[in-house]
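Input: a single structure, listed below in structure tokens.
Taken together, the values in this text are just the output of simple stated rules run on the coordinates, not laboratory data. What you are looking at is a predicted structure, and each value in this text was computed from that prediction instead of being measured. Note: ideal-geometry Cβ built from the backbone for every residue, glycine included; neighbour counts use all protein chains shown.
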Amino acid sequence: MADSDVRIGFVGCGGIGNEHLKIWQRTPGAKVVAVCDVVPERAAKAAELYSAEAFTDLTEMLKKADIEAVDICTPSGLHAEQSTEALEAGKHALTEKPIDINLDRIDKLIATADRTGLKLACIFQYRFSPEIQRAHQLIQGGRLGRLISGSTYIKWFRAQSYYSADDWRGTYRLDGGVLGNQGIHSLDQLCWMAGPVAEVDYAYIETIERDIEAETFAIAVCRFESGARGVVEGTTNCFPGFGTRTEIFGTKGSASFDGNTVTSFRIEGEEIDLTTKQDKDGDASSDPLALGLGGHAAQMLDFVQAIRQDRDVLCSGRDARVAVDCLNKIYQKAGAPPLGV
């Protein structure tokens, strides 16, 4: 390990956490030196694989490990509490999506980041490709004209075995349903492109053929702060699973996206080619571990560079809150129980 490497403490060594650990191995300027998991066997295995110190308690790791930053890959309803603890201990914090599902905890976390001056970032990998970033700049700059509509569609498949693998999955306290887990990426992309949602005019959720608390099907009609309107539709009942689709159009042009790729970007009277040239990242429409990790790698590198250069991260806690606000407004309109309590 180089003296200049950011020393990472890692939390949550199962599922997507294993993929994060692989990415950290090839991320320049960073080194995982401590790992933590409530399952001792998982912590021990990860520690052996990555030559790190093993812990089963986050508080103990924060006190004893020689780390500068923490990467959190635990259930969604734990993200804000654990990130807040890390910041209070003087460590920068990166968390998997969403930043949490409870807005009160998110607001406390953001306030802690502001007070400590430490970096706080949330993984939203649909923001991380050059073409996507350019499309966002153009839309925010008004190049599509007055925005009329913004919609997103998530038609994925998850069998009961996926939900049964962990007792937190599909719960209102720690996870949420298709919109809180699988669809939160698309809600973030939609709100990043079209702006925050002011109000949800209509929302319907249903749990179909799965033994979980939260929804496997949701549909909503939203009004954005810009005045545009649009539809959110998500499901994990759609066999075998299709790619995501986000569409934005205004008075002068339109854009469509599939994950972190631009599938179309057209402005009337102009020639702008933003169609993504590289192969599309793998998606998790049918298999949660088939997710392409190019966006993750770019965002984790951005986190490291932001620490070393003392600059803002490209997706901060305040940025990541917007999608969760949209999620909570949909749930509230649909009459769902409050999230994260």
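When Ile184, Ile8, Ile219 are sorted by how many other C-beta atoms sit within 10 angstrom of their C-beta, beginning with the fewest, the order is Ile219, Ile184, Ile8. In this Cβ point-charge picture (+1 for Lys and Arg, -1 for Asp and Glu), the chain has a dipole of about 620 debye about its Cα centre. Note on the stretch 118-140 and the stretch 212-283: Cα centroid distance 15 Å, given to the nearest whole angstrom.
Modelled label positions at Glu199 and Lys252, each set 7 Å beyond Cα in the direction of Cβ, lie 2.9 nm from each other. If I compute P(r) over Cα pairs in 10 Å bins from 0, in percent from the structure I just sent, which labelled value in [x] 6, 26, 35, 24, 8, 1, 0; [y] 5, 19, 23, 23, 18, 9, 3, 0, 0; [z] 5, 20, 28, 25, 14, 5, 2, 1, 0 lines up? Matching the structure shown: [x].
Think of each Lys and Arg Cβ as +1 and each Asp and Glu Cβ as -1; about the Cα centre, that makes the dipole of the stretch 191-292 roughly 280 debye. Helix 317-334 and the longest principal axis of the Cα set of the chain meet at an angle near 60°. The sum of -39500 (n - 2.57) across all DSSP H runs of n ≥ 4, divided by the residue count of the chain, sets its helix-only mean residue ellipticity at 222 nm to -10000 deg cm²/dmol. Only Cα pairs within less than 10 Å get springs; with that Gaussian network setup on the chain, which residue of Lys119, Lys64, Lys329 has the largest fluctuation? Greatest mean-square fluctuation among the candidates belongs to Lys64.
Across the stretch 1-84, the mean sequence separation of Cα contacts (distance under 8 Å, 6 or more residues apart), normalised by length, yields a relative contact order of 35 percent.
Comparing Leu190, Leu179, Leu103 in a Gaussian network model of the chain where C-alpha atoms under 10 Å apart are linked, the largest mean-square fluctuation is found at Leu103. GNM, the chain, Cα, under 10 Å: largest mean-square fluctuation among Arg173, Arg134, Arg105? Greatest mean-square fluctuation among the candidates belongs to Arg134. Of the peptides 82-94, 18-30, the order by per-residue mean of other Cβ atoms within 10 Å, starting with the highest, comes out as 82-94, 18-30.
Tally Lys and Arg at +1 and Asp and Glu at -1 over the other residues with C-beta under 10 Å from the C-beta of Arg7: what net charge comes out? Around Arg7, the charge tally is -1.
With R₀ set to 22 Å, the beta-carbon distance separating Glu88 from Glu19 gives a calculated FRET efficiency near 0.20.
Amide H contacts of Ala198: Arg223, Phe224, Glu225, each under 5 Å away and 5 or more positions distant or on a separate chain (H built 1.01 Å from N in the peptide plane; Pro and chain starts excluded). Each of Ser164 and Gln133 was given a label point 7 Å from its Cα along the Cα-to-Cβ line. The distance between the two points is 4.4 nm.
Treating each Cα of the stretch 239-341 as an identical point scatterer and summing with the Debye formula, the log10 of I(q)/I(0) at q = 0.11, 0.13 Å⁻¹ comes to -0.56, -0.78.
Between the helical axis of 130-140 and the dominant principal axis of the chain, each derived from Cα atoms, what acute angle in degrees is found, rounded to the nearest 10? That helix lies at roughly 50 degrees to the long axis. Annotation: extensible slack from Val39 through Phe242 equals 69.7 nm (criterion: 0.36 nm per residue apart, minus Cα-Cα distance). Put a plus charge on the Cβ of each Lys and Arg, a minus charge on the Cβ of each Asp and Glu, and nothing anywhere else: the dipole of the stretch 19-105 about its Cα centre is then about 320 debye. Taking label positions 7 Å along the Cα-Cβ direction at both Ser51 and Gln140, the computed distance is 4.0 nm, reported to one decimal. Between 0 and 90 degrees, the angle of helix 16-25 with respect to the longest Cα principal axis of the chain falls at about 70 degrees.
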